[in-house]
Amino acid sequence: MLRIGSCLVSQGVNGPGKRFVLWFQGCRFRCDGCFNAEFWSEDGGTLVHADALVGQITAVPEIEGVTFTGGEPFLQAKEILYLARRIKSKDLTIVCYTGYLLEDILQGQVPYGKQVLEYIDILIDGRYVEAEKAPLLWRGSRNQKVHFLTQKYSHFEPFVQMEGTRNIELQIGKVGVTITGIFDWTLWERMKKELEANDERIEP
């Protein structure tokens, strides 16, 4: 069973193409300025069987892959290993965010971490550092690195160090408003006030 904080189908802001994004519940890094502090608690979220998740993922039409974020996915590395195998068997790609460094995972400092890496196409590693925040592709601070572990997306490599405009995705649906990507909290707070004034349900 996996403890999941949230899930969303996203386009481009959580990795290349149309992706099923999974926010894993639980994180011990608790970085200052974290965009996803609601996923810190290891007791929150919902317990979901990996096979049920695969069913949800494969039901999404024209999906390119899955993104693991959180929270800290590698806290559940043993359970994610099975999920990752199932996802790759469906010919889907995997992008994974982690506060751990790639070299630490490769050195065996994260239980089951090396095995999980075998199924990941892009690993984005390092804790978010508020003092180094920047408008970078798929991440929030300069210290975070994008590692292309397979050749699938290697054509993006020249763009990962380029700074530009941050991309966010705002979805308005029957269950309320959801925002994803690297965004400005001040802007989000202003938006929430405007939406709450109109009795909209807010889901960060």
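When you count the other C-beta atoms within 10 angstrom of each residue and take the mean per peptide, 95-104, 46-55 line up highest first as 95-104, 46-55.
Taking the 1.4 Å solvent-accessible surface of segment 1-47 as the whole, the part contributed by carbon and sulfur is 48%. Using the alpha carbons alone, the radius of gyration of segment 2-163 stands to its Kirkwood radius in an Rg to Rh ratio of 0.93. Taking amide H positions as modeled 1.01 Å from N, with prolines and chain starts lacking one, the residues under 5 Å from ILE94 and 5 or more places away or on another chain are VAL66, ASP121, ILE122. Any idea how far the Cα center of segment 94-148 sits from the one of segment 34-93, in Å? Between the Cα centres of segment 94-148 and segment 34-93 lies a distance of 16 Å.
Each listed q (0.10, 0.18, 0.24 Å⁻¹) maps to a log10 I(q)/I(0) for segment 8-99, found by the Debye formula over equal Cα scatterers with no solvent: -0.24, -0.79, -1.31.
Of the peptides 141-147, 16-22, the order by per-residue mean of other Cβ atoms within 10 Å, starting with the highest, comes out as 16-22, 141-147.
Remark: spin-label model distance LEU47-SER154 equals 4.3 nm, labels positioned 7 Å along the Cα→Cβ axis. Projecting label points 7 angstrom from Cα along Cα→Cβ for ALA59 and PHE29 puts them 3.1 nm apart. List residues of segment 90-117, by number, whose backbone nitrogen lies under 19 Å from a label position 7 Å along Cα→C-beta of GLU130. In segment 90-117, the label zone of GLU130 (backbone N under 19 Å from the point 7 Å along Cα→Cβ) covers 99.
The values are calculated or read from the model by the stated rules, or taken from the named source; none is laboratory data. All of these numbers come straight from a predicted model, not from anything done at the bench. Note that each Cβ is placed from the backbone with ideal geometry, even for glycine, and that neighbours are counted across all protein chains shown. Calculation scope for accessible area: heavy atoms of the full protein, side chains included, ligands and nucleic acids excluded. Shrake-Rupley method; radii C 1.70, N 1.55, O 1.52, S 1.80 Å.
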